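Data block below; observations after.
The values are calculated or read from the model by the stated rules, or taken from the named source; none is laboratory data. Source: prediction; values computed, not measured. Every residue, glycine among them, receives a Cβ derived from its backbone with ideal geometry; neighbour counts consider all protein chains shown.
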Amino acid sequence: MVRLQKYLAEAGVASRRASERIIVEGRVSVNGKTVTELGTKVNPLHDKVAVDGRVIRAKKKLYIAINKPPGVVCTKAADEDRTKINELLPREWADLVTVGRLDCDSEGLLFLTNDGKFCLKLTHPRYGVRKIYIVQVEGRIEPETMKKFTVGIMHDGEKLRADRAMILKSSKSASTVQLELSEGKNREIRRLFESQNIRVLRLQRTQIGRIKIGELPEGKWRALTEPEIKSLLGST
């Protein structure tokens, strides 16, 4: 059982606050009977809900994992000459939103959904869902730099910090490191390296919670499984 205004919001009728107004105005019926009480609960599987006489169906919750290529943007309001992430999905999924973002030049694992609760759980700092990134940079990386990243660095009045930082490969020309973050401020990884005057060559997110990018090809998507969704909602 769910509250009527929540059911309307999840069905895409209006926001929850606007749905409350629609109910109070007497425009909603449940099983043929007009309902104006905001505390009313409905069974999505059995009750027939209508707004202005039109039957409303709850939208199926979708949880999509995609391997975002570099050069693709996550915002729908992007310039027309740039490919938008939703353009890589079936047209009927145009209303899906990204769970967090990867900047245009970054690549890797990204989720899209129409479930606001799922989106909040994976993006709000209080839940601390871990994300792992592989970063290739110019020049040799020293262990002291990794230590600075885990201690924390002030940049533009904001403290940036990685939970874990590990050198995977290092040479005079280029290095590869793995960073783990559980908060993720705007462009945090790039800013960490910028603070040390280190040029990022490639930035790829390889894992969110327990979900790894695996062998998902660049630009391709797949639906998350029920166990994966449950693990993400329960992850910390």
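Given the residues L224, L181, L232, which is the only one that is among the aliphatic types (A, V, I, L, M), touching a strand residue (DSSP E or B) at 6+ places or on another chain (Cβ under 7 Å) and farther than 16 Å from G100 by Cα? Of the residues listed, the single one that is among the aliphatic types (A, V, I, L, M), touching a strand residue (DSSP E or B) at 6+ places or on another chain (Cβ under 7 Å) and farther than 16 Å from G100 by Cα is L224.
Is it fair to say R140 is closer than 26 Å to P70 by Cβ and surrounded by 17 or more Cβ atoms within 10 Å (Cβ to Cβ)? Spelling it out, it is not the case that R140 is closer than 26 Å to P70 by Cβ and surrounded by 17 or more Cβ atoms within 10 Å (Cβ to Cβ). Looking across segment 99-131 at every residue that is surrounded by fewer than 19 Cβ atoms within 10 Å (Cβ to Cβ) and among the polar types (S, T, N, Q), the one that is farthest from the chain's Cα centre (by Cα) is identified as N114.
Within segment 47-66, residues that are touching a residue at least 12 places away in the same chain (Cβ under 8 Å) reach partners that are among the basic types (K, R) with beta carbons closer than 6 Å, at six or more positions or on different chains, in the pairs V51/R27; D52/R27; A65/R222. Being at pLDDT below 95, surrounded by fewer than 18 Cβ atoms within 10 Å (Cβ to Cβ) and among the acidic types (D, E) is a condition met by no residue of segment 162-183.
If only residues of segment 77-98 that are part of a loop (DSSP other than H, G, I, E, B) and in contact (Cβ under 8 Å) with a residue 60 or more places away in the chain are counted, the one that is farthest from the chain's Cα centre (by Cα) is L89. Here K220 clears all of (1) among the charged types (D, E, K, R); (2) under 24 Å from K117 (Cβ atoms); (3) modelled with pLDDT of 95 or more except the condition numbered (2).
Across segment 139-180, the number of residues qualifying as over 23 Å from L109 (Cα atoms), charged (D, E, K, R) and in a strand (DSSP E or B) comes to 2. For segment 189-224, residues that are within 16 Å of the chain's Cα centre (by Cα) and assigned to a loop (DSSP other than H, G, I, E, B) total 4.
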